[in-house]
Amino acid sequence: MKRIGVLTSGGDAPGMNAAIRAVVRTAIDRGVEVFGVRQGYQGLIDGLFTPMGARDVGGIIQRGGTILGSARSLEFKTPEGQRKALRALNQAGVEGLVVIGGNGSQTGANALHQLGFPVVGVASTIDNDLFGSDITIGVDTALNIALEAIDRLKITASSHQRAFLLEVMGRDCGYLALMSAIAGGAEAVVIPEVETEPEHVADVIREAYEKGKAHAIVVVAEGAKYNAAKLDAYFTEHQDRLGFALRTAILGHIQRGGNPGAFDRILASRLGAGAVESLLEGQYGVLNGWVRSELTRTPLETVVASKKPLDLTLFKLAQILD
Ligand code: F6P
């Protein structure tokens, strides 16, 4: 294999740049040329290829986001879009592709693999909902941003004797909410995996108030049945149940835009380098992930067909420790 491509797709995640850097420099070290593909799968269809040298990825390891840009391409989901992408790859003489991203991105990678193109994935999403990697690139940094928000909210909540709902990202997965609730010592956490009624959350807040706590923090996953907006609406109707006055904060994309911490930079460097090695070893159609502290390769077919379970003993732990 003499020329490979690399793209980032789906939601950006802190550490994607470190992964791009690792792909480019590992490939160059092995005598392989690299083309960066801009704007994810849409760029693949449109032939947005740029040759990348070692210096093109200088000074990016500490930067969040992705220098290649990302997109959620609807066209690539169609057979015609996939055919166009294959044509563009062949025309550019690209013989293998590294796809850095989460579930949607690896579904796209699997589609190319099924069409016979040599492709490998790198596990990257802040949601940590990707099967085949215990932890994905971006999670640790996003978690620390959520944690900082909790710590800050606690300060202002205590000053005003308030309860706060903090909604964090994670799509349909409660990992970020649960882990930030444990690390931040929140009074309650609401996640999609465990059905929680607003009455129960109200009871927890009331209990904190009656115990004489200065505040109550509830971390809510955006994918929960009762997300922050729904809980807020319910509590506005039932303000008397809480004791505390209530405010709501939604972290949203702030959580995704940070510069990567050490963990994500190192994870991304290992997975990016591992992806190039798998292409050169002829191990195609696999996701490079991190399982039990080791680099692993899981078939993309398995990755996209499986749901990653959330360890619910941690939900119990959060309840015990609040
Ligand atoms: O998958 C990453 C993620 O940030 C999710 O947590 C969130 O639900 C979604 O992307 C938001 O997508 P967009 O950036 O397209 O609004």
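The values are calculated or read from the model by the stated rules, or taken from the named source; none is laboratory data. Just so we're clear, the structure is a prediction, and the values are computed from it rather than from any experiment. Virtual Cβ from ideal backbone geometry, glycine too; neighbours counted across all protein chains shown. Protein only, heavy atoms only, side chains kept; ligands, DNA and RNA dropped before computing areas. Shrake-Rupley method; radii C 1.70, N 1.55, O 1.52, S 1.80 Å.
For the peptides 201-210, 76-85, the ranking by mean Cβ contacts within 10 Å, running from highest to lowest, is 201-210, 76-85. Both the radius of gyration and Dmax for region 239-322 are 19.8, 64 Å, in that order, over alpha-carbon atoms. Modelled spin-label separation between Tyr234 and Glu301, with each label point placed 7 Å from Cα along the Cα-to-Cβ direction: 4.3 nm. This model, with +1 at the C-beta of Lys and Arg and -1 at the C-beta of Asp and Glu, gives region 140-256 a dipole about its Cα centre of some 380 debye.
Total lysine pairs in the chain at Cα distances under 30 Å, for residues eight or more apart or on different chains: 25.
Report, to two decimal places, the Cα Rg of region 126-268 normalised by 2.2 N^0.38 Å (N = number of residues). Don't skip to the end; give the middle numbers.
On the way: Rg = 15.1 Å, N = 143, 2.2 N^0.38 = 14.5 Å.
Rounded to two decimals, the normalised Rg is 1.04.
Give the Debye-formula value of log10 I(q)/I(0) at each listed q (0.08, 0.10, 0.14 Å⁻¹), with one equal scatterer per alpha carbon of the chain, two decimals each. Relative scattering, expressed as log10 I(q)/I(0), comes to -0.40, -0.59, -0.96.
A simple count of charges around Glu75, restricted to other residues whose Cβ falls under 12 Å of its Cβ and scoring Lys, Arg +1 and Asp, Glu -1, yields +2.
Distance between the pseudo-spin-label points of Ser158 and Asp134 (7 Å out from Cα toward the beta carbon): 3.3 nm.
Based on protein heavy atoms only, the chain ends up with 42 Å² per residue of surface accessible to a 1.4 Å probe.
What angle, in degrees between 0 and 90 and rounded to the nearest 10, separates the Cα long axis of helix 103-114 from the longest principal axis of the Cα atoms of the chain? The answer is roughly 30 degrees. Against the chain, whose longest principal axis comes from its Cα atoms, helix 16-29 is set at around 20 degrees. Helix 175-184 and the longest principal axis of the C-alpha atoms of the chain enclose an angle of approximately 50°.
Using alpha carbon coordinates only, what is the Rg to Rh ratio of region 72-186, with Rh defined as the Kirkwood radius?
Details: Rg = 19.6 Å, Rh = 16.6 Å.
Answer for region 72-186: 1.18.
A probe of 1.4 angstrom, applied to the heavy atoms of all protein chains, finds Leu178 with accessible area near 0 square angstrom.
At 222 nm, what helix-only mean residue ellipticity would the chain give, in deg cm²/dmol to the nearest 500, using -39500 (n - 2.57) for each DSSP H run of four or more? Let's see the in-between values first.
Values: 11 runs with 135 residues, N = 322.
Theoretical 222 nm ellipticity from helices: -13000 deg cm²/dmol.
Three principal axis extents of region 1-87 based on alpha-carbon atoms, in descending order, are 36, 29, 14 Å.
Tally up the carbon and sulfur contribution to the accessible surface of the chain as a whole percent, 1.4 Å probe, everything protein left in place.
It is 51 percent, rounded to a whole number.
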